[in-house]
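Nothing in this text is a laboratory measurement; each read-out follows from the coordinates by a stated rule. The shown structure was predicted, so the numbers you read here are calculated from the model rather than taken from an experiment. When we count neighbours, we look across all protein chains shown, and the Cβ atoms used for this are built from the backbone with ideal geometry, even at glycine.
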Amino acid sequence: MIVTIDGPAGTGKSTVARTLADRLGFEFLNTGAMYRAVAYACRQQDLDLADDRAVADVASTLEILFVQNRLILNGEDVTDAIRCQQITQSASIVAANPAVRRRLVELQRLVGRDTNLVTEGRDQGTTVFPKAECKFFLTASAEERARRRQRELEEKGELISLAELIEQQELRDRRDENRACSPLQPASDALLIDTTEMSLAEVASYLELLVQRASLTLNRR
């Protein structure tokens, strides 16, 4: 069974997806981290992110592995390094590169082959796994999304005002929603869930119930 969880940044999809995968005993795939890894590799080489060909060349040579929820890029654990605000903004730029997306979609589909998987991102239910058995799209208010990101950055020692985060968030949303390749949008058969007033534990529990119901329905067929 494939479970897709899509949505913009700050809706809690990564934490919810990881929690849900643990509860179900499924594999977990953090696709956002993959795009961050590409951005990190490009930044390490001081590449112009607007140079689509150069960025695509980098993406084509990278070895990206997940080991116990840690992201290993060409043998280096970059899990923490890719969470800074600079990489966050850079990731949405490289994610608009069609060649990068083709490469990472290919890798993501390999991960999902012949396994039970919870995967999160922005195009999992629309492009990567259009036939997934369970599809969810998480939303939240702009203010709540920014507050969640602010708390995450504060824990890492990065202090950014809420107003600045909302501005960056709006820019990223516009870029994600308007890119020509796999824009951010809910799949036609995805269930939309507003997480503004919910704890992430509550969201995970709700999705777990829905997945279990879907699994029972599939088993009866």
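Set side by side, the residues Leu184, Leu153, Leu138 differ, and just one is closer than 21 Å to Leu24 by Cβ and in contact (Cβ under 8 Å) with a residue 24 or more places away in the chain, which is Leu138. Looking only at residues in region 125-143 that are among the aromatic types (Phe, Trp, Tyr) and out of contact with any Ser or Thr (no Cβ under 6 Å at 6 or more places or on another chain), the one that is farthest from Pro8 (Cα to Cα) is Phe136. In this structure, is Ala41 surrounded by 20 or more Cβ atoms within 10 Å (Cβ to Cβ), free of Cβ contacts under 8 Å to residues at least 40 places away in the same chain and assigned to a helix (DSSP H, G or I)? When the stated conditions are applied, Ala41 passes them.
Taking (1) touching a residue at least 24 places away in the same chain (Cβ under 8 Å); (2) not in a helix (DSSP H, G or I) in turn, Asp46 satisfies each apart from (1).
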